[in-house]
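S.K.: Mind having a look at this structure? Questions to follow.
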Amino acid sequence: MNKREMLAKAFFAAFPHTTPILAGFLFLGIAYGMYMQSLGFSAIYPIVMSIIIFAGSMEFLAATLLLGAFNPFHALFLTLMVNARHLFYGISMLEKYKNTGKKKSYLIFGMCDESFSINYSANIPRNVDKGWFMTFVTLLNHCYWALGAAIGGIFGSLISFNTEGLEFVMTALFVVIFIEQWRKEKKHLIALIGLTASVISLILFGGSGFILPAMIAILAAVTAVRKPQEQKEAAA
Amino acid sequence: MSLAQQIITISVVVFGTVLTRFIPFLLFPPGKTTPPYVQYLGSVLPLAVLGLLVVYCLKDVTLLAGNHGIPEFIGIAVVAGLHLWKGQMLLSIAAGTITYMMLVQFIF
């Protein structure tokens, strides 16, 4: 198989996995571009920011940063808080992103929620190059997002059909991936820890500040169950 | 904010985002053996963090006011039910999303 065939194979294996993201990111990207336009920014802002930041919720927040007083330390602190969940993705992908060569930096750069969850959970066929598969998933998601932001930023004022509720496509995607993982695992303790810790800290801390407490609770809980879990595995 | 200040602000956001994505890979490069505790975390965190992501999507739902999160609850029930029954990823996502859109546009 020559390189071109190998690339084509990886691309066509990756594309179907990204179709929910195509719908979701185009929509959210358009919403983001329109939002930026409504704040008075020219289309170049959402286009550049969607390409170089590539972290959805942070880009919406960055818009409010740009409108406020200049404070880079606050901007950095806010970014680290909002994006701290990426640390968990990185630790999870240490093995999968190994041996991906030059593509590795891009894979890590483009590791948004959606690219992470697809690259982590997809069953990549044996005859498909894993590194290129994951690169195409990341690259396609990146393109959808930037394309959406560009459309929204340039043509935002012309769009008038009722898209209310379309953002639910992302929730649906994560629910499906959660169920797929749930079925793959024999023990559900860890998945239940993730859900319970997140729900409890959402109730306690509210929508804007629950992620860090949830991450700390998850770390504490999975550490606490480490010994019994591993002993069970050794016995099995 | 001047253009220079805007560029600095955006650069800081890019830097912070890149940092959160690269730190684990810089701390545990492939050449060195990753500590067993981190390997353990790498094997269990994905399962836990997917739960966190689902909850993250629902973070703006208010149970005590507005529509009480009923459209979200029904939407997720459709996605989960269809997926457990048919196991077709795109079907579950599309049906759940369309159900949700109809609920928020016409009923709630």
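S.K.: Checking B:T62 against (1) part of a helix (DSSP H, G or I); (2) surrounded by fewer than 16 Cβ atoms within 10 Å (Cβ to Cβ), which test does it fail?
M.R.: Just one mismatch for B:T62, condition (1).
S.K.: If we only count helices (runs of 4 or more DSSP H) wholly inside the stretch A:157-230, which ones have 1 or more residues that are over 22 Å from the mean Cα position of the chain (by Cα) and aliphatic (A, V, I, L, M)?
M.R.: A:189-205, A:211-224
S.K.: Are there any pairs with C-beta distances below 8 angstrom linking a residue in the stretch A:41-63 that is under 16 Å from A:F25 (Cα atoms) and assigned by TED's automatic domain parsing to the domain that holds A:H86 to a residue that is acidic (D, E) and not in a loop (DSSP other than H, G, I, E, B), with the two at least 6 apart or on different chains, and if so which?
M.R.: Listed pairs, sorted by first residue: A:P46/A:E59; A:M49/A:E59; A:S50/A:E59; A:I53/A:E59; A:G56/A:D113.
S.K.: Here's a follow-up. Name the pairs: first residue in the stretch B:22-40 and within 14 Å of A:K96 (Cα to Cα) and at the interface with another protein chain (Cβ under 9 Å from one of its Cβ atoms), second residue surrounded by 10 or more Cβ atoms within 10 Å (Cβ to Cβ) and among the polar types (S, T, N, Q), Cβ to Cβ under 8 Å, at least 6 apart or on different chains?
M.R.: The qualifying pairs are B:F28/B:T34; B:P30/A:N99.
S.K.: Mind checking which pairs have a first residue in the stretch A:120-148 that is more than 14 Å from chain B (Cβ to nearest Cβ) and a second that is part of a loop (DSSP other than H, G, I, E, B), Cβ under 6 Å, 6 or more apart or different chains?
M.R.: A:K130/A:I124; A:F133/A:I124
S.K.: Being in the same structural domain as B:Q105 (by TED's automatic domain parsing) and not aliphatic (A, V, I, L, M) narrows it down to one of B:G81, B:G42, so name that one.
M.R.: Residue meeting the stated conditions: B:G81.
S.K.: Let me ask another. For the stretch A:3-12, does any single residue satisfy the condition of being within 12 Å of chain B (Cβ to nearest Cβ) and either in a helix (DSSP H, G or I) or over 22 Å from A:N162 (Cβ atoms) (or both)?
M.R.: No, the stretch A:3-12 contains no residue that is within 12 Å of chain B (Cβ to nearest Cβ) and either in a helix (DSSP H, G or I) or over 22 Å from A:N162 (Cβ atoms) (or both).
The values are calculated or read from the model by the stated rules, or taken from the named source; none is laboratory data. These figures come from a predicted structure and were not determined experimentally. Glycine also receives a Cβ, built like all others from the backbone with ideal geometry; neighbour counts cover every protein chain displayed.
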